[in-house]
Amino acid sequence: MAKKSYSSGSGPSQRQLRVGELIRRGLSEILQRGDLHDVELNRLSVTIGEVRVSPDLRVATVYALPLGGEGKDDVVQLLAKNKGELRQLINKKLALKHSPDMRFRLDETFDKMDETRRMFEQEHVRKDIERADERDDEEE
């Protein structure tokens with residue numbers, strides 16, 4: 001009996017990554033062109049940072065963020081409200097066998113990057129990094 005490749009826990013397959021990227025690009029284009037019938041959502045500039053697809057390609061988790069970061073909660077709610085229309089447009093655009101059910105989440109990548117940057121700027125952290133760099137130089 002064949003073992004399923006996604007059960008090993010080694011991360012997403014190439015197929016998952018490819019379909020996720022296709023959906024991300026498609027959603028970005030749809031939102032940019034204003035193809036939706038929702039006037040509120042068409043007024044906003046939304047960035048689709050990432051789309052993660054389940055191993056069976058039935059569920060796509062979409063990470064979105066409004067440009068400028070204002071109205072974060074509104075964007076997720078508006079996208080969820082228009083999920084059916086977005087799903088239809090994606091299915092037409094990509095001609096997938098099954099269009100995945102989309103779940104929308106707030107993309108917190110930029111917040112995490114800012115927090116990491118702040119952490120590296122702290123005096124005691126910089127000293128530790130400099131010491132580690134010095135040790136690495138000595139070992140070479």
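Listed values, structure above:
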quantity: Any hit, the stretch 57-65, residues being touching a residue at least 12 places away in the same chain (Cβ under 8 Å), under 16 Å from Leu31 (Cα atoms) and of a type in the set (Gly, Ala, Ser); calculated: yes
quantity: Pairs with Cβ under 6 Å, 6+ apart, first in the stretch 24-53 and in contact (Cβ under 8 Å) with a residue 60 or more places away in the chain and assigned by TED's automatic domain parsing to the domain that holds Pro100, second in a helix (DSSP H, G or I) and not hydroxyl-bearing (Ser, Thr, Tyr); calculated: Gly26/Ile90; Gly26/Lys93; Gly26/Leu94; Ile30/Leu89
quantity: Qualifying residues in the stretch 96-121 (those that are outside any loop (DSSP other than H, G, I, E, B) and among the aliphatic types (A, V, I, L, M)) - the one modelled with the highest pLDDT; calculated: Met102
quantity: Candidates Glu29, Glu50, Glu85, filtered to the one that is in contact with a Leu (Cβ under 9 Å, 6 or more places away or on another chain), within 28 Å of Val19 (Cα to Cα) and modelled with pLDDT of 90 or more; calculated: Glu85
quantity: Near pairs, Cβ below 8 angstrom, 6+ apart or cross-chain, from the stretch 71-91 (on the phi < 0 side of the Ramachandran plot and touching a residue at least 60 places away in the same chain (Cβ under 8 Å)) to any residue that is among the hydroxyl-bearing types (Ser, Thr, Tyr) and not in a helix (DSSP H, G or I); calculated: Ile90/Ser99
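The values are calculated or read from the model by the stated rules, or taken from the named source; none is laboratory data. This is a predicted model, so every value here is computed, not measured. We place every Cβ from the backbone using ideal geometry, glycine too, and count neighbours over all the protein chains shown.
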